[in-house]
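Since the structure comes first, as structure tokens, the remarks are kept for the end.
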Amino acid sequence: RYNLPPMPDSVRDTFERLIDSGVIARAELEESAFESLSDFSAATAVEILARFGEGPLQTVANKTGFLIGVIKRFRQQGGKGEGPPPYTRPLSSRAPPPARAPPAPRGPAGSELPFGFRGRDAAPE
């Protein structure tokens, strides 16, 4: 009906519901999304699509990329349906920014100081 590739009926029904509801348009999904879903059983593919449909799809420009991301997170979680929604990162993955080194001393007008000279406030070596 929407020119979907061959897939189990339950997966096709889920895709059609997403399309019928206006959440996605068929043209917004590339073949790679369907191919990635074909790696899963029908029940698992339906679960992945349900998680995909819970995302902020109105603001997502690349829906194929978003679906691939949902699939990737599903695989990382070991195929479990638990965990954060597909559009958030767990707090543990938010590493603090790396510490920055202090800037090197500068001479007059921003020029670098000669080799071995560390400035008048530096302790002698």
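What follows draws every value from the coordinates through simple rules; no lab data is involved. None of the values given here were measured: they were computed from a predicted structure. Because the Cβ atoms are built from the backbone with ideal geometry, glycine has one as well, and the counts that use them run over all protein chains shown.
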Quick one: which of 44-52, 56-64, 68-76 comes out on top by average Cβ neighbours within 10 Å, and what's the full order, highest first? 44-52, 68-76, 56-64
Net charge over other residues, Cβ less than 15 angstrom from the Cβ of residue 39 (K, R count +1; D, E count -1): 0
